[in-house]
Amino acid sequence: MILALLIIVSAFILNLFLPWWSIALAGLIFGFVFKEKALTSFLWGFTALFILWGSQAMYTHLANDGVLTGRIAEMLGVGSPLIVVLITGVIGGIVGGLSTLTGSLMNPKKTRLLSTRIP
Amino acid sequence: MRFLSPFLSAILLIACLITLNTKFGSIPPLGTFFDPDAGFWANAELDLPESEQLHLEGLKAEVSVVFDERRVPHIFAQNEHDLFLAQGYITAQQRLFQMEIQTYDAAGRLSEIIGENPQVQQRDLTTRRWGMPWAAELKVAEVQKDSTSWAIVSAYSQGVNAYINTLSPKNYPIEYKVLNAAPEAWSPLKTSLLHMNMLRTLAGGSSDDRTSRTAAYFGQDFIEKFFNTDPEALEAIIPSSHEWEFEAERPEAPQTEFVPKTADRIQFFEPNAGVGSNNWAVHGSKTASGYPILAGDPHLSLSLPSIWMEMQLHAPDYNAYGVTFQGIPGILIGFNEHIAFSETNTGSDVMDWYEITFKDASKNEYWYDNTWKPTTKRIEEITVKGGNIITDTLVFTHHGPVMRANTSDTLAEPVYHAMRWIGHEAGNSLATFIRLNKAKNYSDYVDALKEYVAPAQNFVFASNEGDIAIWVNGKLPNKWDYQGQKVSDGSNPDYDWQGWIPHAHNPHHKNPPRGFVSSANQESTHDSYPYYLADEFAPYERGRRINDLLREMDQITPQDMMDMQMDNYSLHAESIVPELVEWIIKDSLNAKELEFLVQMSSWNFEMNADLKQPGFFYYWWRTLTRSIFSDEYEAADTELRYPDRDRVVEVLKNEPGFYLIDNIETESVETLQELVTDAYSYTYQLMSNYNGVVGEDWNWGFVMNNDINHVGQIPGFGANDVYSGGSYEAINATRFGYGPSWRMVVELGPEVKGWGVYPGGITGNPGSPNYDAFIENWRTGNHFELNFYREKPDESLFELTLQSN
């Protein structure tokens, strides 16, 4: 949970100033620091960036009254503007999952630096 | 979980990031594209732009840009340099991608941004072979000679670049993100390239090769009958009552007619069938206010963003409102406090093809006037995105660039043709529009027109002084009769363009007794005009309809003119549908077909969206003409020239036994009645197959399939199925994605008032609701009243203040 929150916040800040792939840095760093099991790392990382990119996309979609998402949906031939929001979330999620997983696997130590649960 | 080594996982992550950061074919890099901060999401407009102050390099004084309630920019500058600099800046801010894609197209550089694509490459090559970039360079050199014009295009260019320099990839227009491309610096050359694009669209048609083949196949009688005879109902732009008060000096025609070796498929762009326009002006004696009213609606391929953008340009001694063409300084169709002007295209023949004989394969010399004359060459390089470079050597004769006939591969020797085109003529046509923007009266207008070269336009004019006028304007080659109708002899000087019609002899009239002037791309003059212009103009119907209506009108108001621009009446239908209905063999029809025939015979010839007859008529007529001509035309095994519909109608009515009516593929002799009946049943079947039983789906508004596509053909960025009435031959020329790209009505007087609408918006950003905001008003004919300010207004939707150092 904390892992996901930290990834969301740091990826959000990184993405404001750096190219989009900088969100992977957030996953790498906190994946390393938390050193969860592989599947857990992937899922938290995926969830975090799915939520971040998905909600940013959803906010824009709503604030823009769907004008642009409607056009992009037609361009991509995906039927619904919500699918455009979903795709955005999934792309973020995949990058988040893979980077967090990689981070955790790269940590050679057996012990965690931080726990995902509040003690 | 051994296989989950950190190494493997890292490889997977890197592969994923690289994949999402790479463009595959036409798919943009997905990570970059979907990035909610800097991807396409950044182009979603969440709020109205805010008023702001910006520093703009190169300004001499402060400039205010006021955006009115429809977001039309009104530029208030303190000198003309700043005015055009700001125009460049604002145009780029609203329409950068549109400006750029059109110049890439005109320069034969589309492959640079689109990448490997055989069709795009062929288009680029043809563009280069037409000498488009070459001629654009000639034109820039010409503009450079005139310090005033050069200052204008330079300031405009500076403004465009100032805007481009403010951009980072995050706020690139969305199309750049889709194409994974970046904007390029602007220059006066690009303005010239846009001018070349207009030339290609408006003056880039030629039927020389098809006419030659048609003459070879059917004989000269056919040419006389269909192409050299005007329909009786024609009313030329300058009426037959007009007397020409000059003597013409004409070149002499050669003694014998040249017969080309082959005229098969010289490399042409398909002539743009959607181009056409209306304009007219009525004299104060016919209006309610006592002042002239001017109306204009240019017909082009409709696109989003709209080809036009509304704008007001204001500086000391300069106050013009109208529409701009993105990348070209000034207002192209509009009005000021004194005059109004609008253009339609002139169909004069300004592109001719000459058969060329080279001395040898080096193409260094060609045969002309009994001697070998040297050619010049130019190397064109196309850098395809991805690195591939294509080179092509252009060969020039004194006529122009040379192309090789496509089918000459099968001949013993390849056959070459040189192109003589007004588009290659140096000149500074853009200065005309700036001068029109500032014109105060008739003589200013004529002075502005004098230096104009091409594309030739019918410039309609009205002024506060009460004058109305029209000039068929542009540099027109002085030809012998029918010179350049067919492929010409490139070795014989008699076939050259041997001079120009003096400007004072260009067809024109001012304040004619009938109280109005008008044009709709029909023939410029009747046969009494002592020069030859062309054999191919728009059919008479639109022009005739405008004149018929204006003749009957009195106490005209601006609203009458706006209503008239929405007129859907088809003179074409009026001229043939009663006969078609009469010719039908009713015994051959089934009950349903007979039932619909009742509707056809009671039709009022309005091409309205809600009627079922217009769509039926459209396909019925097409089917009939195909059944008359296609047996002979297809047997020819080459592309022949089709006659215009207005002349076909006349021939069918006058000679119902005309020999082409018989189907040469059958043993029996078909009658016109049989063809009309078969075409009727076929059309009924066709309409039923596509649109079901007779009902709402048969409505013309659906059948005409009116799609307004994106300028870069990106799906989703256009507007599909804009339900509308109209037709080729109606004043409201809307159909199949073509039609009135701007409708304007201006009432002159102490306080000039304008109304207008086009199918688009101001911003070119598909992520803004303003992008297509005017389409509904355009569709329903509800023109907006235009905010023509005398001075900077206090209120606005938002305002941009551009500051100098």
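Only the coordinates and a few stated rules stand behind these numbers; no lab work does. Just so we're clear, the structure is a prediction, and the values are computed from it rather than from any experiment. FYI the Cβ positions are ideal-geometry reconstructions off the backbone, even for glycines, and counts take in every protein chain you see.
Side notes on the structure shown:
- Beta bridges per DSSP, both residues in chain B: antiparallel share near 90 percent.
- 5 angstrom amide H check on B:Trp500, placed H, neighbours 5+ away: B:Asn478
- Computed per residue of chain B from DSSP H runs no shorter than four, each worth -39500 (n - 2.57), the mean residue ellipticity at 222 nm is -10000 deg cm²/dmol.
- Across all directions, the average projected area of the convex hull around the alpha carbons of region B:1-114 is 12.5 nm².
- Per-residue [θ]222 nm for chain A (sum of -39500 (n - 2.57) over DSSP H runs n ≥ 4, rounded to 500): -25500 deg cm²/dmol
- Positive end of the dipole of region B:1-136 (Cβ unit charges, origin at the Cα centre): among B:Trp41, B:Thr127, B:Gly31, the Cα lying farthest that way belongs to B:Thr127.
- Anisotropy class of chain B from Cα gyration tensor, a/c 1.5 cut: rounded
- Each residue of region B:371-380 was assigned a 3J(HN,Hα) from its phi angle through the Karplus expression (A = 6.51, B = -1.76, C = 1.60, θ = phi - 60°), giving 8, 8, 10, x, 9, 10, 10, 8, 9, 10 Hz with x at Gly and Pro.
- In order through region A:22-33: 3J(HN,Hα) via Karplus (6.51 cos²θ - 1.76 cosθ + 1.60), integer Hz, x for Gly, Pro: 5, 4, 5, 4, 4, x, 4, 5, 6, x, 4, 4
- Per-residue HN-Hα couplings for region A:74-85 [Karplus 6.51, -1.76, 1.60; θ = phi - 60°; Hz; x = Gly/Pro]: 5, 4, 7, x, 9, x, 10, x, 5, 5, 4, 5
- Cross-link partners of B:Lys377 among aspartates and glutamates (Cα-Cα below 13 Å; sequence separation of 8 or more within a chain): B:Glu365, B:Asp392
- Remark: region B:398-485 carries a charge dipole of roughly 140 debye about the Cα centre, counting +1 on each Lys and Arg Cβ and -1 on each Asp and Glu Cβ.
- Unsatisfied cross-links (Cα-Cα over 31 Å) in the set B:Lys139/B:Lys373; B:Lys23/B:Lys190; B:Lys225/B:Lys363; B:Lys385/B:Lys475: B:Lys225/B:Lys363; B:Lys385/B:Lys475
- Residue order, fewest to most surrounding Cβ atoms within 10 angstrom, among B:His417, B:His81: B:His81, B:His417
- Straight-line cross-link reach from B:Lys586 at under 19 Å between alpha-carbon atoms covers these aspartates and glutamates, not counting any fewer than eight positions away in the same chain: B:Glu595, B:Glu670, B:Glu674, B:Asp678.
- B:Thr126/B:Asn720 FRET efficiency (R0 35 Å; Cβ-Cβ; nearest 0.05): 0.75
- Remark: B:Tyr633, B:Tyr532, B:Tyr690, B:Tyr321 ranked as B:Tyr690, B:Tyr633, B:Tyr532, B:Tyr321, counting other beta-carbon atoms within 10 Å and listing the fewest first.
- Overall form of region B:525-621 per C-alpha gyration tensor (a/c, 1.5; a/b vs b/c): oblate
- Shape category assigned to region B:135-223 from the gyration tensor of Cα positions, a/c cut at 1.5: oblate
- Taking other Cβ atoms within 10 Å as a rough exposure proxy, A:Glu36, B:Glu795 sort from fewest to most as B:Glu795, A:Glu36.
- Cross-link partners for B:Lys170 among the aspartates and glutamates, with Cα-Cα distance under 14 Å and sequence neighbours closer than 8 places in the same chain left out: B:Asp35, B:Asp37, B:Glu45.
- Antiparallel bridges, percent of DSSP beta bridges restricted to the protein assembly as shown (to nearest 5): 90
- For region A:11-119, the Kirkwood estimate of the hydrodynamic radius, built from every pair of different alpha carbons, is 14.7 Å.
- Square roots of five times the Cα gyration tensor eigenvalues for the protein assembly as shown, Å: 52, 34, 32
- At 1.567 mPa s and 4 °C, Stokes diffusion of region B:632-681 via Kirkwood alpha-carbon radius, µm² per second: 106
- Packing-based order for A:96-106, B:87-97, B:570-580, using average beta carbon neighbours within 10 Å, highest first: A:96-106, B:87-97, B:570-580
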